[in-house]
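The values are calculated or read from the model by the stated rules, or taken from the named source; none is laboratory data. Just so you know, these numbers come straight off a predicted model, no measurement behind them. Here the Cβ positions follow ideal geometry from the backbone for every residue, glycine too, while neighbour counts run over all protein chains shown. Surface areas here come from the heavy atoms of the whole protein model, side chains and all, with no ligands, DNA or RNA. Shrake-Rupley method; radii C 1.70, N 1.55, O 1.52, S 1.80 Å.
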Amino acid sequence: MLALLARPALAAEPLAGLLPSPVLTNADSRTGIDLSGPWHYSIDPYRDGLAGFHGGAAGAGHRRYDDLDVADAMRKDPNALYEYDMQRSPVAKLPGSWITHDRTLRHYDGLMWYQRMFDAAPRPDERAFLRFGAANYTARVYLNGTFAGMHEGGSTPFAFEVTKILRSGRNQITVGVDSTRTADSVPPPATDWETYGGITRPIRLVLTPTTFVDDFWIRLTRNGRIAATVRLNGAQASDQPLHVAIPAIGFSLDGKTDADGAWSGEAAAPASLHLWSPEQPTLYDVQVTAGADVLHDRVGFRTIAVRGEDILLNGRPIFLRGISLHEEEFGENPARDITPEAARALLATAKSLNANYVRLAHYPHSEITTRMADELGLLVWSEIPVYWLVNFANPATLITARRMLAENILRDRNRASIILWSVGNETPQSEVRLTFLSQLVDDVRALDDTRLVSAALFARRVERGGHPEMLIDDPLVSRLDVMAVNTYNGWYTSDPLSSLPSIAWRSDYDKPLILSEFGAEALAGYYDPRQLHKFSEEFQAEYYRQTLAMTDKIPFLRGMSPWILKDFRSPRRQNPIYQQGWNRKGLVSEIGQRKEAFGVLAEHYRLLATKWATSKPSGSGARQ
Ligand code: GCB
């Protein structure tokens, strides 16, 4: 099939200079060298490897990344002084947050150096990139003593080209990872989760042809067409013929890149296309061929839209039966070690709640998780950590957030599971915050016109007719497709639980609402038969019963993601009896014990699933 209509590339120009380069779509499918495994590590709390003691450049005895063997250099020159020796420093397995390396590193917040050797055999018809799934929070990468690049942001991928510095035979890679965040970072220093400093996702040397498919995006448009966007990278990027194919449904598009190496095309989706949905998460092998490069992916096709107060999946109104989760695996000592097994265990637990949706809070989760959601059939809310007190007045902070958002969207816009991009969580209202978040909303729309935009906001509690009312009047809502609110009446307030159902909700906007959070803490196994009080399983279960009774009465509610699937580490939670460094709002404990509230929510979702399966598509209005 020929591309009947070439469509202009999305309006990404306003993002010029902020887009990742390279993108390396589906980097893990490319050939290369896996650099996971043993690495030497060494702490550097005073950043001695980066600057001299009076400022200026670091001296020779301090530069962890220099291309030499320290013991050898000291043997050759008895006067040489080195105050590090990476190759004789202890060894840890990467990827992995440094809390796994040594018990004393649990609260280490600073610069850590990593180094390892690897063998390579570069070829003239190949380019080489060092690609990191994520390093938290700032990373500086050096290959064979040469600086390859620096990246800020703890949960998005980045890659640096090293074609010219890669050697035949033995290579030395050194990475300085600094977990320290400042008031200008995204997120800022104070959050409600464990930092997990280190290189937490896979590290690979990715090999590509000299000209390759750098960015590839394929999707179903809201008017039933399959559209593809391709950007090539390399000397032969312009005027290059290319071919996009979905063999299982006999779909293909042919085109030729423009002077910038970009091309977009679309054609009607064949009638044989099975749409992706939580009930039937159909994925197709897709391939794009350009010159010597062939890139593969597994992609699902579906549409998501809003009509009045409804969210429409494949044209039908849907209720998002969700749960929030952090990127933290089950176990007594989690380390943000997301293997396919760990991701499957988390998402399978969400499915056993009868959920069809997850909120991946509060930063982009591993690509392993979003791909697993595609496979298992879970809709996804994806967000960047514009959380609490971000420095909205600082233009550099906005640039950091915009880059992060672009990295997240460009990594994951082929994932059918993702339906919502969120630009912030519980940010205090002000003019500068509105400008900052509005820019992020504009960026989402420039990068992806097929998904919905939201943000987790606060509602204003007012009194009406002697009852509390939650009023949604945040001016940001006018920029969003879906409004979302975090609400904790009955937990952070002293409202008796029995009063929660009488709390009414009102909105100034004709838009769907998601309750992006509500929850209460309970220590698994702790009951108090004498009294209903906070931290007991009965309290949490009753909190859920009463809050769910409240949600039943919100006419424009179209989804929820209570807080949270699993107890998670949070250094701000230090009640020694109940919390011990964990936020206990999980419906299951850190080792997966189900609390009583789990069953309450699972039953509620079972009933909601039945109700929405039989309800007919209609316009806006009450559906609860
Ligand atoms: C919130 C935050 C979330 C916290 C949660 C809590 O509103 O968005 O990060 O962990 O409340 O437990 O207080």
message: If amide hydrogens are placed 1.01 Å from N in the peptide plane, which non-local residues have theirs closer than 5 Å to the one on TYR526?
response: GLU537
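Mean Kyte-Doolittle of at least -0.5 and a Cα length of 18 Å or more along the axis: which whole DSSP H helices of the chain meet both?
Once both thresholds are applied, what remains is 395-412, 431-447, 596-614.
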field: Kirkwood Rh, angstrom, the chain [1 / mean 1/r, Cα pairs]
entry: 25.8
query: Rounded if a/c is under 1.5, else prolate if a/b is larger than b/c, else oblate: which is the stretch 31-207, with a ≥ b ≥ c the root eigenvalues of its Cα gyration tensor?
result: oblate
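Using 0.36 nm per residue of separation minus the Cα-Cα distance, give me the extension gain between ASP28 and TYR509 in nm, one decimal. Walk me through the numbers before you get to the answer.
Numbers: separation 481, 0.36 × 481 = 173.16 nm, distance 4.23 nm.
Taking 0.36 nm per residue and subtracting the Cα distance, the gain is 168.9 nm.
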message: Test of understanding: given the chain, find the longest segment containing no GluC sites (Glu not before Pro) that are in a DSSP loop and have at most 16 other Cβ atoms within 10 Å.
response: 333-624
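Please report the antiparallel percentage of DSSP beta bridges with both residues in the chain, rounded to the nearest 5. List each step's numbers first, then the result.
Working: 96 of 131 bridges.
If we restrict to bridges inside the chain, about 75 percent are antiparallel.
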The chain, helix-only ellipticity at 222 nm - DSSP H runs n ≥ 4, -39,500 (n - 2.57), divided by all residues, nearest 500: -5000 deg cm²/dmol
- line: dims of the stretch 466-624, Cα set, principal axes, largest to smallest, nearest Å -> 49, 35, 31
Fraction of accessible area attributable to carbon and sulfur, the stretch 212-304 (%, probe 1.4 Å): 48
task: Assuming R0 = 35 Å, can you tell me the calculated FRET efficiency for the pair ALA446 and ALA183, based on Cβ-Cβ distance, to the nearest 0.05?
output: 0.80
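Probe radius 1.4 Å, ligands and nucleic acids ignored: give me the carbon and sulfur share of the accessible area of the stretch 31-207 as a rounded percent.
Details: 4080 of 7610 Å².
Result for the stretch 31-207: 54 percent of the exposed heavy-atom area is carbon or sulfur.
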- request: Quote the accessible area belonging to PHE118 in square angstrom, nearest 10, computed with a 1.4 Å probe and with ligands, DNA and RNA left uncounted.
  value: 10
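For the stretch 20-59, run through the chymotrypsin sites (Phe, Trp or Tyr not before Pro) and keep only the ones in DSSP coil with at most 15 other Cβ atoms within 10 Å of their Cβ.
On the way: sites: TRP39, TYR41, TYR46, PHE53; in loops: TYR46.
Filter output for the stretch 20-59: TYR46.
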field: Where the chain is the region considered: accessible area per residue in Å², 1.4 Å probe
entry: 38
